[in-house]
Amino acid sequence: MVLVEGERNASLLLGELRKYTLYTLQVLAYTRMGDGPPSGPVQLRTKEDVPGFPVRVVFPEVRLSSARVVWEPPTNPNGLILGYQIAYRLENRDSQQWTTVEVGSNGRQFTVTGLTPEQTYVFRLAARTAVGWGQEHVAQVVTTERRERPQPPRKLAVPQDGVEARQLRLHWVTGSSGASPVRYFTVQIKELPNGDWITNTADIPHNLTVWIIDRLKPFTSYRLRMLATNDIGQSVFSRETDAVTTLQDAPDEPPEILTVKPSTTTSILVQWKRPSDDHINGILTGYRLYYRELPMNSSSSDNIVQQSKRNADAHITTKSTFKTISSSSLTEFELTQLKKFRRYQIVMTSYNIVGESPPSEPVEMSVGEAAPSVAPHSIQVSAVSPSSLEVNWDTPPLETQNGLIQGYKVHYWQKGRQNQTEKVKVIFVPDTRILLSNLSSYTHYLVTLTAFNTAGDGPPSDPRGAQTRQSAPSKPSYLSFTEVTEGSVNVSWGAPLTPNGVLEGYQVVYQPTAPVQGVSKVVTVDVKGSWQRWLKVRDLVKGATYTFIVQARTVSYGPPIHANITAEPVKGAPGSPVEISITKESSSLTIHWAEGDTGPAPITGYVIESRPSDEGLWDSFVRLLSPGTRSVSVPLERLRPGISYEFRVIAINRFGFGQPSKPSAALAALSERPFYEEWWFLLVMALVGLILILILVFTLLLHGHGNKYKGCGTGNHMSSVEESVTLDNGGFTTLELNSRTLNNTKSNFLKKNGTRSPPRPSPGGLHYSDEDICNNYNGAVLTESTTLTEKATEVSESELTDSDYEDEQPKHSFVNHYMSDPTYYNSWKRQPKGLKPLGSPFSYEECATAAPESEPYYQTVVTQHSAGGVYTPTGQPALSHANPNTNPPGSRTPVTGFSSFV
C-alpha cells in the first residue's frame, strides 16, 4: 500500500515491481477521521524483459559418447518463455567453437550424442522471451561411466564480520565431485534451541564458496549445514556449524495504545500493550510517547493518521514532544501539565539499543474535562426472579465527577466466566436503577458500575454479586436401561445439564404401554437426593413393553425424558444356564451350574439372583462372576434366618443379560452350629455357675452357725410353763423352708451302732424369755430367714411316713434338730374351742450360762398325729429316742408363738 499526501496529487509512479507480473490497483481517499471507500479494482501487468537463467541443470544420464541434460524454467521468467538454447563444446577447445541446439518452450531435457569418451564438456543453457535471450547457465560434464556421489562441503564457517541482524555470510570449501561435477549446493538452517532443520537455499551455484543466508530473525541463534548435488545424487550432510547468533535490530512493531483518557483537567492517562516478542528484535529497553497539540482548525493534511514510516519519523522528531519510558514492563503513563481545553495527538514507539520501532496509530484526546475519579457507590444487587437481578446505586460525590455525568455502564457476568459471559448495559441519568433480565437460573452474577461523562469512563466499582433464584431444572441428560431380564431392569439417567437450583431428587414413573391382563398399573418412585441416578425395577411382566418417565426436581419438577423398554432379553443375548444345584455346609452354601447356549457372542460373566420366600421378587444376589466360573460359595450370614430362598443364574454377553436358569430348590437359611455355641447353652451354663456359687456360700454360712450352736447343748434348766393347744389340720399358716440347700445343713445323727440317742425335748418343757434370746439361736434365725416363705398348707397324716426320719441322734440343740427334721414341716393348727387358753407367753432365757452342777438335760419333742392329741413338754431326761409314730399321753400341740419362731 502506498500513501499519498495532498489533495491535488492525481498521479503516482509505482516502482520496485516484478517484471511481467499482474497487479490489482485500488485508490481511496482519507481524512483524519478515517478512510473513505476504495475505488473499483484495476488490473495491470508490468512489461516483459529477458528471462533469468534456467535452474537445476543436471546430467542424470552420461555415457562415453552421449549425455542427457535436464533443467527447470528460470525462477524469474520476466515474460513468456518461447524456447531454450543448449550450447556445448570441449573444455580444452577454442571458446568460440560451440555446438548450438534450440528446443521449444515446453522442453525440459535434451540428449547430446557424438561426444568423445573420457572428456570434459562445457554446456550453456539459456531461455528466451519476446524481448530476447536471457542469462546463461554454465555447467560441465565428463563423458565417463565411473561417476559417484559427491563429498559434502567442508570447513563451514561464519566469520564475525559476516554476522548481521537478518543475514549471515557462510563460507565453505568444495569437496570431491566424484568424477561428476557438482551442479548446486543446498543450505539448511536450524533455529535454536528446539527448531527443526529447514532448507534456506536449494540452488546455490556450484562454482561458489560464499553465500549470504538471508531471511533470518534478529537476535536469534542458528546452526547451519550443507550438502552437494551432482548428476548421480546428493551427498551426505556436512558437519554443523557452531551456534551463530544474529545481531539485534530495531523493533519492527510499536506498542498498541489501548486507551487514552483524561485523568485530571490537565493530564491524561495512556495505557498500551507490549509488542510481541517476535518483533522486538532484541532486548526491549523501553518506550517513547510522542504528543503534540493540534491546531484549533486542523485539517486532514496536518495529521499523521496514515503515512509512510519515513515521513512519520520525520514528523515525530520535528513537531512533537516526547516522554521516554525507560522500563519495558510498564503499560501505562500519565501525561501531565497539559493545557486545558486543547486537543492533543499521541503516538508511541518501542526501542532497544539499536533503534526505535515505527510509530503506533495516532490517538487524539481533548483535555479540560476529566473522567469521573470515583465509581458509583452504595451498590445493591438483589434477586428478583430466576432470570433477573435488580441493581441500585448512588451517584459519585459531586467533587469527584470532574464534569457533568452523562450516565453509567453496568458490566455483569457469571462468576468465574467473565470472558465468556460478560455483557454491558448503558443507562443514562437520572436513573440509578436497572433490571438485568434474561439471566440463567440459580447462577451467581457479579456486577460492576462505571460513571462516564464526555471525557470518558470513570474507574469501575468493586464487583458486587447476587444469585438468581431457583427454577425447575432441565430434563435429565439421558435415560438408559441395563441388566434387562424377563422381570427386571436397571434404569439409569444423567443429571440435568442445567439444574437451575439444588437438585432434591428425581421422580421415576413407569407403566405398560398396553394393559397387562386388563390392568395398566402406573408406578411412581421418588428418588431422594441428587447422587442416586439409578433404580432397580423388579416387578415387570415378561414380554410386556413399559414406558419410563424421569424428571428432576429442585423447587419443582422439570420437563421429563421418555424411553421404552421390553421386559425380555435382547436379541443376541445368551440362553439360560443349566443343571442348577446347591450344596450346603455348616456355615456356607455353594451354587453350581453348567453353561447353556452362549448365543452369537462369547459369555462375559454370570449373575446370580435370589428370591426370598417373604418377598417373592427376584433380586441380584451375586454380581458379575467371571465367564469361567461354574460355582460360587456364599456365607449363610447373608441369608435371613427362618427365610427360604430360591436361586437362579443368568449369563451375560456383549448384547446383554440372557434367559435366567430354572430356579433352584428352596433352601432355608439355618446355620448348623455346635450346641455349645448356641445362646441357650451359654445362658444355662451361666445360671448353673451362679447356683453353685450360692450353694457354696450357704454351706459356709450354715457350717459357721452350726459350730456356734455347740455351746448351747447344755444350759440352765428352763422352767416349765404348761399350755394346752390342739393340732388342727385346717388352714394354719406355717413357715416353709423353700430352698433345698437347707437339706445340706441338717444336724448329723449318730448311727445305730449301740449308742443311745438322747431324747428330743418337748416344746412344752421349754422356758422362753420375751426379752432375752439366745444369741446363737437368734443368729441362726436371722440367717435362715432369707430362705423362708410364708404360705398356707395342709398336710395329711398319710404324707408323714417313717422315711421322713432318720435313726440318728442330733449332736446339739433342739433348734438344729427341729429345723432339720422333716416331720416339723407340717402345718400347726389352731386349738379347738373350750381348751384352756395360754396363761402367759413363753419366755426365753440365755443358754450360754448353765449351772455347773446341772446334769445334762436332753430336750424331747413328741409329735401326736391324732385329732385330739396335744403336745406335752417334759423336762425329764430321756433314755431312748422317741418314736415319731408313737403318741405318748399328755403330749401337746406347740403354741402359735413357738410355730412363728420356727
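Any read-out appearing in this document is the output of simple, stated calculations on the displayed coordinates, not a laboratory observation. What you see is a predicted model, and the numbers here were worked out from it, not measured in a lab. Because the Cβ atoms are built from the backbone with ideal geometry, glycine has one as well, and the counts that use them run over all protein chains shown.
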Rg (one decimal) and Dmax (whole number) from the Cα set of the stretch 190-292, in Å, equal 22.2, 79
Here the stretch 458-475 yields Karplus 3J(HN,Hα) values (6.51, -1.76, 1.60; θ = phi - 60°; whole Hz; Gly and Pro given as x) of x, x, x, 6, 5, x, 10, x, 7, 10, 5, 6, 6, 9, 5, x, 6, 6
Along the dipole axis of the stretch 371-522 (charges at Cβ: +1 for Lys and Arg, -1 for Asp and Glu; origin at the Cα centre), the most positive-end residue among 470, 482, 452 is 482
Summed over the other residues with a beta carbon less than 11 angstrom from that of residue 279, with K and R at +1 and D and E at -1, the charge totals -3
If each K or R counts +1 and each D or E counts -1, the residues other than residue 323 whose Cβ falls under 14 Å of its Cβ total -1
Note: the stretch 561-688 at 25 °C, 0.890 mPa s; Kirkwood Rh on alpha carbon pairs; Stokes-Einstein D in µm²/s works out to 149 µm²/s
So residue 691 and residue 240, fully extended at 0.36 nm per residue minus their Cα-Cα distance, gain in nm 151.8 nm
In nanometres, the difference between 0.36 nm per residue of separation and the alpha-carbon distance of residue 654 and residue 520 is 45.0 nm
Rounded to whole angstrom, the alpha-carbon centroid of the stretch 596-652 lies from that of the stretch 543-566 at a distance of 29 Å
Rounded to one decimal in nm, the spacing of the 7 Å Cα→Cβ label points at residue 683 and residue 70 is 10.7 nm
Across 5 Å bins beginning at 0, the whole-percent shares of Cα-Cα pair distances in the stretch 208-263 come to 4, 11, 15, 16, 12, 10, 8, 7, 6, 3, 3, 3, 2, 1, 0
Expected vector for the stretch 488-494, Karplus 3J(HN,Hα) from phi with 6.51, -1.76, 1.60 and θ = phi - 60°, integer Hz, x for Gly and Pro, equals 8, 7, 9, 9, 9, 8, x
The answer for residue 325, listing residues at least 5 apart or on another chain whose modeled amide H is closer than 5 Å to its amide H, is 287, 288, 289
Any residue on another chain or 5+ positions along whose placed amide H is under 5 Å from the amide H of residue 352 is listed here as 285
In whole angstrom, the spacing between the Cα centers of the stretch 157-176 and the stretch 449-492 equals 63 Å
HN-Hα couplings for the stretch 387-401 via Karplus (6.51, -1.76, 1.60; θ = phi - 60°), in whole Hz with x for Gly/Pro, come out as 10, 8, 10, 10, 10, 10, 7, 10, 5, x, x, 4, 6, 9, 7
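Please state, rounded to one decimal and in Å, the Kirkwood hydrodynamic radius that the stretch 66-156 gives when every pair of distinct Cα atoms enters the mean of 1/r.
14.7 Å
Sort 522-533, 196-207, 81-92, 246-257 by packing, meaning the average of other beta carbons within 10 Å per residue, with the highest value first.
Working: 522-533: 12.5, 196-207: 14.7, 81-92: 17.1, 246-257: 18.9.
Peptide ranking by packing, descending: 246-257, 81-92, 196-207, 522-533.
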Expressed in nanometres to one decimal, the distance between label points 7 Å along Cα→Cβ at residue 198 and residue 99 is 4.6 nm
So, over other residues within a Cβ distance under 9 Å of residue 381, counting Lys, Arg +1 and Asp, Glu -1, the net charge is 0
Counting only residues 5 or more apart in sequence or on a different chain, those whose built amide H sits under 5 Å from that of residue 504 are 553, 554
Shape descriptors of the stretch 1-111 over alpha-carbon atoms, Rg and Dmax in angstrom, are 23.8, 76
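Extension gain residue 364-residue 215, at 0.36 nm per residue separation less the Cα-Cα distance, in nm? Walk me through the numbers before you get to the answer.
Details: separation 149, 0.36 × 149 = 53.64 nm, distance 3.70 nm.
That works out to 49.9 nm of additional length.
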Checked against the positive end of the charge dipole of the stretch 30-134 (+1 on Cβ of Lys and Arg, -1 on Cβ of Asp and Glu, about the Cα centre), the farthest of 60, 90, 39 is 39
FRET efficiency for residue 426 and residue 120 from the Cβ-Cβ distance with R0 = 60 Å, rounded to 0.05, comes out at 0.10
